[in-house]
Amino acid sequence: MSIHTPTAPVQDQPRRIVSIDVLRGIALLAMASYHFTWDLEFFGYTDPGLTAFGWWKIYARCIASTFLFLVGVSLFLAHGKKIRWNGFWKRFAMVAVAALAISIVTRIATPDGFIFFGILHEIALASLLGLLFLRLPALLMLIIAALVIAAPFYLRSEIFDHPALWWVGLSANNPRSNDYVPLFPWFGAVLVGIGVTKLAAASGILTRLASVTPGRWANPLVFIGRHSLAFYLIHQPLLISCVWLFAQIMPAPVETKQVNFLKACQVSCEQQRDKAFCTAYCGCMLDALESETTLDRLYSNDQTAEWKAHLGDLADTCTAKAEDKMMEGGAQ
């Protein structure tokens, strides 16, 4: 989720900041733990939707935010004084090619949720755009970062629902993808990284950090942090291969689409409503989809406006029915 960038050519920082490599290494291990849990879910060893909601969702966002923050940190450390174009284009090309490869592979392997704009796509674009902000005052940069992060809360529009604009992150409905990291709000984390590093450079914190040398315990983290792109590209195929091999020996119990739908719906619903309401609501939704024989369509990643509108109508109807049922139960 990150790319190694030199951390030396800033005027008051003669040495590489090893602590940043350590932090990047920790973030990579956290990412691997999340992906391993996702793999278990994918092969049916955990309940559907486990990693998409609740604490796991917060965990994933913290990991992505950390990586993008470090992209901003590294961008300033490498190019804050002067943009080193040869080094920049070399690393940009590495990340861009890796992002394209991931899109192609996931399009073949998981077409319903392929990664068309994931963390590497965002890193490539954010690194390019970030160069435009390197000379801005740090406080102004942080203000712009806040606006970028807040944009999806206020500027979503159906204008951005066209697939060609999904990378922007302002569509009315988020598209389905196994790793969706659009420009808004995630570019804000990169800008925060640049702004914070500028402040740290001005206050002398970077110089003090450069003098910190972690013990030998940190060597594995430093190694991973300095080879983060390779780690990112290798770890998930390795993890998913291990889970696949285990599944050949001890496969997870096979459950029907109906059971999987109810479990995923329940997990999603309980992020906002109580368990009793969600049980009634999800049962209503399943009955409606089965009566229409459209459950398979739900799993086909249909993005048409007509289908989305129909699902919205079903959700409204089942919400009303579930609330009526709760009122009747309360009255009794």
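The values are calculated or read from the model by the stated rules, or taken from the named source; none is laboratory data. This structure is a prediction, so every number in the text was calculated from the model and none was measured. All accessible areas refer to the heavy atoms of the entire protein, side chains included, with ligands and DNA or RNA removed. Shrake-Rupley method; radii C 1.70, N 1.55, O 1.52, S 1.80 Å.
For the stretch 20-178, evaluate the Debye formula with one uniform point scatterer on each Cα (no solvent term) and list log10 I(q)/I(0) at q = 0.09, 0.16, 0.19, 0.20 Å⁻¹, rounded to two decimals. Results for the stretch 20-178 at q = 0.09, 0.16, 0.19, 0.20 Å⁻¹ read -0.36, -1.17, -1.55, -1.62. Listed by chain and number, the lysines placed with their C-alpha closer than 25 angstrom to that of LYS198 are LYS81, LYS82, LYS90; residues fewer than eight positions away on the same chain are left out.
Helix 275-291 and the longest principal axis of the C-alpha atoms of the chain enclose an angle of approximately 70°. Ligands, DNA and RNA left out, the accessible area of the chain computed with a 1.4 Å probe is 67% carbon and sulfur.
Using alpha carbons only, the radius of gyration of the stretch 242-330 set against its Kirkwood radius gives Rg/Rh = 1.07. One quarter of the convex hull surface built on the alpha carbon atoms of the stretch 223-282 amounts to 7.0 nm², the projected area averaged over directions. Residues in the stretch 184-312 average 56 Å² of solvent-accessible surface per residue, probe 1.4 Å, ligands and nucleic acids excluded. Ranking HIS310, HIS162, HIS79, HIS227 from most to least accessible surface, computed with a 1.4 Å probe over the protein chains only, gives HIS162, HIS227, HIS310, HIS79.
In this structure, the pairs whose alpha-carbon distance is over 19 Å, taken from LYS275/LYS308; LYS57/LYS263; LYS263/LYS308; LYS57/LYS308, are LYS275/LYS308; LYS263/LYS308; LYS57/LYS308. If a/c stays under 1.5 just call it rounded; otherwise compare a/b with b/c (prolate if a/b is bigger, oblate if not). Do that for the stretch 172-218, with a ≥ b ≥ c from the square roots of the Cα gyration tensor eigenvalues. In terms of gyration-tensor shape, oblate. Based on alpha carbons, the Rg and Dmax found for the stretch 17-104 are 16.4, 50 Å.
Per residue, the Cα convex hull of the stretch 55-125 amounts to 75 Å³.
Solvent-free Debye calculation, one equal scatterer per alpha-carbon of the stretch 179-260: log10 I(q)/I(0) at 0.20, 0.23 Å⁻¹ equals -1.12, -1.15.
Starting from the Kirkwood Rh over alpha-carbon pairs, what translational D in µm² s⁻¹ does the chain have by Stokes-Einstein at 10 °C and 1.306 mPa s? Rounded, D is 72 µm²/s.
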